[in-house]
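Single-structure report; data block below.
The values are calculated or read from the model by the stated rules, or taken from the named source; none is laboratory data. Values in this document were obtained by computation on a predicted structure and should not be read as measured data. Reconstructed Cβ throughout: ideal geometry from the backbone, glycine too, with neighbour counts over all protein chains shown. Accessible surface is based on the protein model in full, side chains and every heavy atom, while ligands, DNA and RNA are left aside. Shrake-Rupley method; radii C 1.70, N 1.55, O 1.52, S 1.80 Å.
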Amino acid sequence: MKKNRVVALFLCAALLLSGFTNTMVKAAGATGKQTTTAQKSKWPSGPSKSSLSSDSAIVMELSTGTILYRKNIHKQHYPASITKIMTAMLTAENCSLDETVTFSKTAVYGIESGSSTIYTDVGEKLTVEQCLYAIMLESANEVCLGVAEQVSGTIGKFVDKMNERVRELGLKDTHFNNPNGLPDPKHYTTAYDMAVIAREAMKNPTFRKACSTKTYVMPKTNTHKQKRYWNNHHQMVNGYKNPEYEYKYCIGGKTGYTNVARNTLVTFAEKDGMELVCVIMKANGPKQGEPNEYTDSTRLLNFGFEKYKKHMINQQSTNLNKELFNNYDSYFDADASPIHLENESAVVLPNGVDISEATQKVTYDKNVTLYDGDNVIGHVTYTYNGRIVGSTDILYTKSADSTTSHLDEATRKIVDSKIQDIKESEKKDQKNANFLRKIKKGLMSFFGNRIVQIVLLVILIGIIIAILVCILKKVELPKFGRRRRGRISGGYRSRGGRRQHARRQRSMRSSERKTGKRQRRNHSKHYEKKNTSTPAVSSKKKGMSFRKKRKNTKESFGKNFFDF
């Protein structure tokens with residue numbers, strides 16, 4: 001019994017040791033990757049980078065700026081004609097559509113031979129609207145120079161304006177040196193920067209209309225006496241050359257190509273209320289087969305629409321109401337309040353992730369000077385797993401009567417005080433969060449140490465062995481050997497019994513030889529019913545002859561035997 005217990009104890013300890021060792025090894029191997037795994041949870045991976053023909057690619061959601069796919073997004077490239085997105089945007093922002101642009105000799109002859117053109121003549125007059133269609137559909141290089149002179153007076157000043165806008169957008173990897181994108185060592189950008197520029201351009205309805213137009217009929221001008229028909233060169237917008245690449249969700253875009261830049265492409269698409277922009281740089285064209293700029297764009301846009309969802313947000317889903325509207329009903333009427341969120345406020349999250357899982361942060365600016373119109377007084381930012389998935393501005397709209405009806409000086413002081421309290425509360429929350437984060441980091445670092453893990457493992461196994469020892473002392477383990485029948489020691493069917501019987505017989509015969517008397521065992525007494533109430537009276541009489549004893553024994557043995 002003791003031997004069985006010891007063997008079972010060592011077997012259990014061996015099994016536990018092997019199981020816990022594997023578990024701890026896996027945990028130790030995953031300790032360094034725990035943060036990365038958590039950050040990548042529920043984030044779709046997208047098409048493999050090697051499967052794309054483009055050297056750089058990005059997919060960005062327009063309303064939030066959330067990046068859904070990235071490949072070398074900060075690598076600098078020559079942009080080629082997608083530069084004209086910036087040119088068209090600045091033209092639409094600084095000119096009215098019916099303004100007349102008169103083309104100078106500098107504009108007409110300031111382009112390379114063989115580059116894209118609509119063959120404008122010196123002195124020809126086009127409206128700004130016609131120029132925008134010429135730029136976005138036919139990619140006319142001389143028209144870019146003409147509108148540059150119209151907006152800024154000279155081409156150089158317009159280029160300065162382009163770079164000034166780049167700085168306003170916070171872009172650090174872009175520099176323009178001409179309005180049309182012809183090759184120049186000082187003319188470069190990245191996929192990310194172009195996505196930001198394209199996102200900004202789509203906020204302008206004039207630009208949006210021009211880049212989404214498939215065809216345009218150019219009427220007669222003062223130098224061209226016939227109509228001209230212009231086609232959008234983007235085959236996902238207007239597949240007049242390659243209909244297989246036309247994309248039903250495409251709402252606009254711009255192509256680009258030079259020998260050094262190769263194919264560049266910007267594509268806008270919309271599905272189920274979510275608008276995306278895809279930027280492809282340094283890719284193959286349809287002439288090189290597939291994959292190419294169009295197949296890359298189609299795959300990436302489909303990935304964005306299939307794996308992500310856009311969630312609209314409003315004042316009711318932010319802390320804006322909680323902190324201001326609900327606490328200052330007398331000052332801020334929700335229906336007529338001058339404080340509101342920027343239009344088209346949204347959050348983009350992977351499918352299956354609810355907006356409640358995103359972390360919201362509301363911040364307010366101090367000492368804001370209010371001017372007529374919309375004034376940014378704060379921001380709402382949403383993050384999920386370390387990524388910004390949406391943000392919007394908190395606006396204060398000042399009108400002629402807003403000072404008296406909504407925000408007088410006393411009220412302004414109260415609101416400023418409340419904003420300061422909110423900031424202080426946020427600092428305290430941040431401090432507590434940092435403290436908890438340090439504790440968590442310390443614990444993870446401590447338990448992530450291999451030596452600590454081994455010590456804890458040994459302690460745990462020791463505790464389990466101690467528990468098993470206590471249990472095994474009180475519990476009898478089952479026997480796994482061959483079951484023996486319950487026999488009385490000395491039975492005739494057991495080997496030991498037969499041996500014992502033989503020894504008994506030899507001893508009996510030896511004693512008979514010495515005494516000269518022979519005795520025979522009376523087997524019948526083993527089958528007689530014993531009377532426990534009265535002591536049995538022996539029927540044996542002294543002095544009986546051996547023959548009589550033998551006879552009685554025979555008769556009693558036979559009778560009882562057959563009765564049995």
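Taking every protein chain into account, the accessible area of the range 125-188 amounts to 37 square angstrom per residue (probe 1.4 Å). Taking the range 261-295 and a reference point 7 angstrom along Cα→Cβ of Asn302, the backbone N atoms nearer than 12 Å belong to 295. Computed on the Cα trace of the range 67-150, the radius of gyration divided by the Kirkwood hydrodynamic radius gives Rg/Rh = 1.06. P(r) tail, the range 158-221: Cα-Cα pairs separated by more than 14 Å, 66% of all pairs. The solvent-accessible area of Lys440, taken with every protein chain present and a 1.4 Å probe, is close to 130 Å². Residues of the range 160-192 with the amide nitrogen closer than 20 Å to a label point 7 Å from the Cα of Glu99, along Cα-to-Cβ, please. Flagged as within label range: 160-166, 178-181. For Glu168, neighbours were defined as the other residues whose beta-carbon sits under 14 Å from its Cβ, and their charges (Lys and Arg +1, Asp and Glu -1) total +1. The listed peptides 159-172, 191-204, ordered by packing as a protection proxy, come out as 191-204, 159-172 (highest mean of other Cβ atoms within 10 Å first). Across the range 160-299, Cα-Cα pairs more than 25 Å apart make up 34 percent of the total. For the cross-link pairs Lys310/Lys428; Lys227/Lys287; Lys172/Lys361; Lys287/Lys307; Lys161/Lys225, the ones whose C-alpha atoms lie over 28 Å apart are Lys310/Lys428; Lys227/Lys287; Lys287/Lys307; Lys161/Lys225.
The range 203-273 and the range 102-130 have Cα centres separated by 19 Å. Placing pseudo-labels 7 Å out from each Cα toward the beta carbon at Arg513 and Leu370 gives an inter-label distance of 13.5 nm. Fully extending the segment from Ile471 to Ser425, taken as 0.36 nm per residue of separation minus the present Cα-Cα distance, adds 11.0 nm. Each other residue within a Cβ distance under 12 Å of Tyr249 adds +1 if Lys or Arg and -1 if Asp or Glu, for a net charge of -3.
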